[in-house]
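The structure appears right after this line, and notes come after that.
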Amino acid sequence: MKTILFIIQKEFKQIFRNKGMLPIIFVLPLIQLLILSNAASFEVKNIPFSFVDNDHSKVSRELIEKFKASDYFKIIDEFPSKNKAVAEMQKGNVDVILEIPVNFEKDLIKNRGTTLSVSINAIDGASAGIMNVYISQIIAGYNQSIQPQLVQYNYGFYVQLKNIVTIPSFWYNETLNYKTYMVPGILVLLVTMLTLFLSSMNIVREKEMGTLEQINVTPIKKYQFIIGKLFPFWVLGLVILTVGLIIAKIIFKVPMLGNIGLIYFFTSVYLLVILGIGLFISNFTETQQQAMFIAWFFTVIFILMSGLFTPIESMPKWAQNVTLANPIRYFVEVMRMVLLKGSGFPEIKQHLFILFGYAFIINGLAVWSYKKTN
Amino acid sequence: MNQEKIITVQNLTKTFGTFTAVKGISFDVYKGEIFGFLGANGAGKTTAIKMLIGISKPSSGKAVVAGYDVVENTESVKKSIGYMSQKFSLYDDLTIKENITFFGGIYGLSRKNIKLKMNDLLTELSLQDVANKLVGSLPLGWKQKLSFSIALLHEPQIVFLDEPTGGVDPITRRQFWEMIYAEANKGTTIFVTTHYMDEAEYCDRVSIMVEGVIEALDSPKKLKEQFNVASMNDVFLKLARNVE
Amino acid sequence: MKRFIGFVTKEFYHIFRDKRSMFILFGMPIAQIMLFGFAITNEINNVNIAILDQSKDSETQKIISKISASPYFKIEQQLTTENQIEAVFKKGSVKAVLVFEKDFSKNLQTRNHSKVQVISDATDPNMANTITNYVHAILQKYIVELNKNNQPINHIQSQTQLYYNPELKSVFTFVPGVMTVILMLVSAMMTSISITREKELGTMEILLVSPLKPIQVIIGKVFPYIFLSIINAVVIVSLGFFVFKMPIEGSLFLLAFESVLFIVTALSLGILISTVSNSQQTAMMISLFGLMLPVIILSGFIFPISSMPLPMQIISNIIPAKWFIIIIKGILLKGVGLNVLWKETLILVGMTAFFIVLSIKKYKIRLE
């Protein structure tokens, strides 16, 4: 036990003495949290919108007003012809072109249907889909609103249509605030990356410098060395988590409905998994570069499949099964469940259980594969 | 000199794939002697020493160090030996005091004991003024002496020194060997590898490894007589020439 | 010149002998593309929802079966009371609950309208919004069916044309994105590591004392990574083209030119990082931990820049990746040329120059 304390003491001294790394460990993650949380949002807003009005009628102007009034769209310009507008889309200046045909108003009044032409920049398929929905909504809404006016032209025949009203109700996040969703997720990522990168590089560093050999010649036990090495990073992870949560609460006003103690408990176990992975990686690499690369590889895969940026439910079955082995997935879920919905122990106990098992296995493997003797 | 054997090696072999670095060497080291383990770079010295200190598993053969088998009782071996690596393996980003505290602690010394030993060490090496300086800022010679002293903190029976004088000036080398003599006089067995043939003269007995095999093993005086030469350097040249 | 070639050859050996690093360097982009192509999507599929049918009549049954038939949703549970909603959300078993009001059919007959509440778990606002929109769309279709016989003739319809990506394939967003991220991170990281490693090992001084000029040393160190990154770029584009049928509308030559330009930009950033790093560890942490998330999030790769608050949009302008993504998407998917992309290209050139000048200044200060 005392031996472990000696190692912990040395590790902390080395960490704090490294003046170049200190801002990276303490300042960089928090700056990223502040900046990136503001940027990460799938909301589609300020869509550059242009139109070609071949009709120049009261009706066409009213329709365009509806788009001008919408928050989703930013009116860039009116173009005299569709070709000119398409040229602008090539340049990337507009994403939507609405072309209103000649005789738009006349056709509507004379009881004929009429067709608008909508052109959308579909490079970003998901955004394009959403843009399409918004456009359809505005057009349908306008169509609905002019019906009573058109009635008078309808040969005196007005039938009220049946309608089913959808009333949206957004729980836990009425304003659909993306930050509420992203801040806990980004915090998870930052804590994970920091502890994984540092822990995987740390032991390899001693290998590269030769001090690991010196340690292996001493009678120190494997588990003493490993615990001593990883403990400081475990503490570091919790510290960054704390500061991150404070920032989340004070600056981003993220609700914290659930028990924060539960978050700490869960994070403590989670960090054991991450550190175990870092240790495992360092056992199989010879240089810091290799260790960092492998850590990077896993980090990217884990992040992409964590449900942070894209929902896990949308993945094909096989991919969803793969995410069961992704510790980040559980952390992201738990953070959101506890902070935003106030979920308690019973709801997350399965996640906890799985992570405990994971920690046990990965650390066991890591300790077993650490050889004092080659 | 005591006839008690503190290291016995029988047919020790280490193979890496198809390459055999150490080819079944056998020798003994007596308690209290300064044993020089010589050879050219790449002869297999470092590989052999790594097996004796328990960080490399022999492919075959047997070695008993300080009464413990290096394969069966590796950890017990480690309690009884000290080691100074080629790179002097101290933490450059820790101070002298911190390095001493750390390694003392790893070997299980009590804090009180560590303090005592630290004071002795600092006084002996005249490092009191720089005790709180980072080891990385020290000149090579000081690092060398410090590394040696730290290897002895836990008062091991044997201390293994792997090329301890590499890159150090002749005066410092001389001073270092005086430290080795002092330690040997206390009864500690010294196992030192080097490629400086003049240092061979300082040892009680010397073995010379050539391409994984021990080609010569005796006291420097007897070896010079055997090969009819004036210096250990010439002994080595003769052996090396035989290989060609 | 011969010395220089010898130096570059040594650098190549260094790199290619490191099997583990090679594996990651080449495997990473492939793995990412595969993931994006086959596993990751923003589309919703089989989202678990629950139904609270307070009417249980023929209309609600019809609507529910329509929803059930949709590939977007999977009806996980039928609830009986409103109290249960909170519990299922807390557990996370469903993402939304559709509540049909009492006397649904009756209201539809007598008052000509009835209500459906779409209660969504908005902790994921994107999902909630999408679910709401899709349910709305399904209901709209149903309404059209209902009113079959009473369709207003003066009806505005729209015909939508999707440009550059008519099938809305997500590969069109992610191949340029993956290419950008990989080129940026690998080039910056590898360069900064390579230079700081020589500093750490002490061999940098040897190089500087050698007959090689400092500029030759830097170029020599950096050159293999240009080569490596080009291979990566080719692999990524090829995968996109052959496996995912992503088009290459524009000039291959321009594509190559711009890619090399961006690689050089990233490499010069790596050089800059190495001048401020005292160790490999620091260099790696800055180039990986410090660059990865900002590049992914602020470049427009996953999140559209136009949707970000203004300060973020301004910050995104200093990220080289942002400009390269515009260039790459333009060349691959729109087929535009330098006449359109000259602004972005110039910006990249400017950034490269800036990084290099700054590196030289810092290096000179170090020497003194």
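The values are calculated or read from the model by the stated rules, or taken from the named source; none is laboratory data. All values reported here derive from a predicted model rather than from experimental measurement. Cβ coordinates were reconstructed from backbone atoms using ideal geometry, including for glycine residues, and neighbour counts include every protein chain displayed.
For this structure, a couple of remarks:
- Test for B:N119: is it away from chain A (no Cβ under 11 Å) and in a loop (DSSP other than H, G, I, E, B): no
- The single condition from (1) within 24 Å of C:I5 (Cβ to Cβ); (2) modelled with pLDDT of 85 or more that C:I182 fails is (1).
- Set side by side, the residues A:I294, A:I250, A:I281, A:I277 differ, and just one is surrounded by fewer than 16 Cβ atoms within 10 Å (Cβ to Cβ), among the β-branched types (V, I, T) and over 17 Å from A:E333 (Cα atoms), which is A:I250.
- Taking every residue in region A:1-21 that is not assigned by TED's automatic domain parsing to the domain that holds A:F231 and buried (at least 16 other Cβ atoms within 10 Å of the Cβ) and pairing it with any residue that is among the charged types (D, E, K, R) and at pLDDT 90 or above, at least 6 positions away or on another chain, yields no pair with a Cβ-Cβ distance below 7 Å.
- Across region C:240-270, the number of residues qualifying as of a type in the set (A, V, I, L, M) and either at pLDDT below 90 or in a loop (DSSP other than H, G, I, E, B) (or both) comes to 3.
- Selection count where residues are of a type outside the set (V, I, T), under 22 Å from C:I365 (Cβ atoms) and part of a loop (DSSP other than H, G, I, E, B), scope region C:271-307: 4
- Residue within region C:78-91 that is without any contact (Cβ under 8 Å) to a residue 24 or more places away in the chain and within 31 Å of the chain's Cα centre (by Cα) present: yes
- Test: residue in region A:178-186 that is out of contact with any strand residue (DSSP E or B) (no Cβ under 8 Å at 6 or more places or on another chain), more than 30 Å from C:V135 (Cα to Cα) and more than 7 Å from every other protein chain (Cβ to nearest Cβ): no
- Among the residues making up region A:185-201, those that are of a type in the set (S, T, N, Q) and within 17 Å of A:F26 (Cβ to Cβ) are A:T192, A:T195, A:S199.
- Tally of residues being more than 8 Å from chain C (Cβ to nearest Cβ) and either on the phi > 0 side of the Ramachandran plot or at pLDDT below 85 (or both) across region A:290-321: 1
- Subset of region B:31-81 [part of a loop (DSSP other than H, G, I, E, B), within 15 Å of B:S207 (Cα to Cα) and charged (D, E, K, R)]: B:E33
- Scanning region A:187-229 for residues that are of a type in the set (F, W, Y) and more than 7 Å from every other protein chain (Cβ to nearest Cβ) gives A:Y223, A:F225.
- Which numbered condition A:I220 fails, given (1) within 31 Å of the chain's Cα centre (by Cα); (2) in contact (Cβ under 8 Å) with a residue 60 or more places away in the chain: (1)
- Residues that are more than 12 Å from chain C (Cβ to nearest Cβ), part of a helix (DSSP H, G or I) and of a type in the set (A, V, I, L, M) within region A:322-344 comprise just one, A:I328.
- The residue that is farthest from C:V336 (Cα to Cα), among those in region A:79-103 that are buried (at least 17 other Cβ atoms within 10 Å of the Cβ) and among the small types (G, A, S), is A:A85.
Residue by residue, here is whether (1) without any contact (Cβ under 8 Å) to a residue 12 or more places away in the chain; (2) assigned by TED's automatic domain parsing to the domain that holds C:E344; (3) over 30 Å from A:E206 (Cα atoms) holds:
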{"site": "C:M184", "(1), (2), (3)": "no, yes, no"}
{"site": "C:V237", "(1), (2), (3)": "no, yes, yes"}
{"site": "C:V243", "(1), (2), (3)": "no, yes, yes"}
{"site": "C:F257", "(1), (2), (3)": "yes, yes, yes"}
{"site": "C:L267", "(1), (2), (3)": "no, yes, no"}
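- Within region C:278-291, the presence of a residue that is away from chain A (no Cβ under 11 Å) and either touching a strand residue (DSSP E or B) at 6+ places or on another chain (Cβ under 6 Å) or surrounded by 17 or more Cβ atoms within 10 Å (Cβ to Cβ) (or both) is excluded.
- Listed by first and then second residue, the pairs linking a residue in region A:120-149 that is more than 7 Å from chain C (Cβ to nearest Cβ) to a residue that is part of a helix (DSSP H, G or I) and aromatic (F, W, Y), with Cβ atoms under 7 Å apart and 6 or more places separating them unless they lie on different chains, are A:I138/A:F67.
- No other residue among C:I63, C:I15 is surrounded by 14 or more Cβ atoms within 10 Å (Cβ to Cβ), part of a helix (DSSP H, G or I) and at pLDDT below 90 apart from C:I15.
- From the list C:F16, C:F23, the one residue that fits, being under 25 Å from A:T299 (Cβ atoms) and more than 12 Å from chain A (Cβ to nearest Cβ), is C:F16.
- Residue check, A:E99 of a type outside the set (S, T, N, Q) and touching a Ser or Thr at 6+ places or on another chain (Cβ under 9 Å): yes
- Strands (runs of 3 or more DSSP E) fully within region C:84-193 that include at least 1 residues being surrounded by fewer than 19 Cβ atoms within 10 Å (Cβ to Cβ): C:113-121, C:156-163.
- Check on B:A240, surrounded by fewer than 21 Cβ atoms within 10 Å (Cβ to Cβ), out of contact with any Cys (no Cβ under 9 Å at 6 or more places or on another chain) and over 25 Å from B:S85 (Cβ atoms): yes
- Sole exception among (1) touching a residue at least 40 places away in the same chain (Cβ under 8 Å); (2) within 14 Å of chain A (Cβ to nearest Cβ); (3) crowded, with 24+ Cβ neighbours inside 10 Å; (4) of a type in the set (A, V, I, L, M) for C:L298, by number: (1)
- Being at pLDDT 85 or above and of a type in the set (A, V, I, L, M) is a condition met by at least one residue of region C:192-214.
- A:L324 fulfils the conditions (1) touching a helix residue (DSSP H, G or I) at 6+ places or on another chain (Cβ under 6 Å); (2) modelled with pLDDT of 90 or more except for a single criterion, (1).
- Entry remark, region C:194-220: residues being of a type in the set (G, A, S) and assigned to a helix (DSSP H, G or I) number 2 in total.
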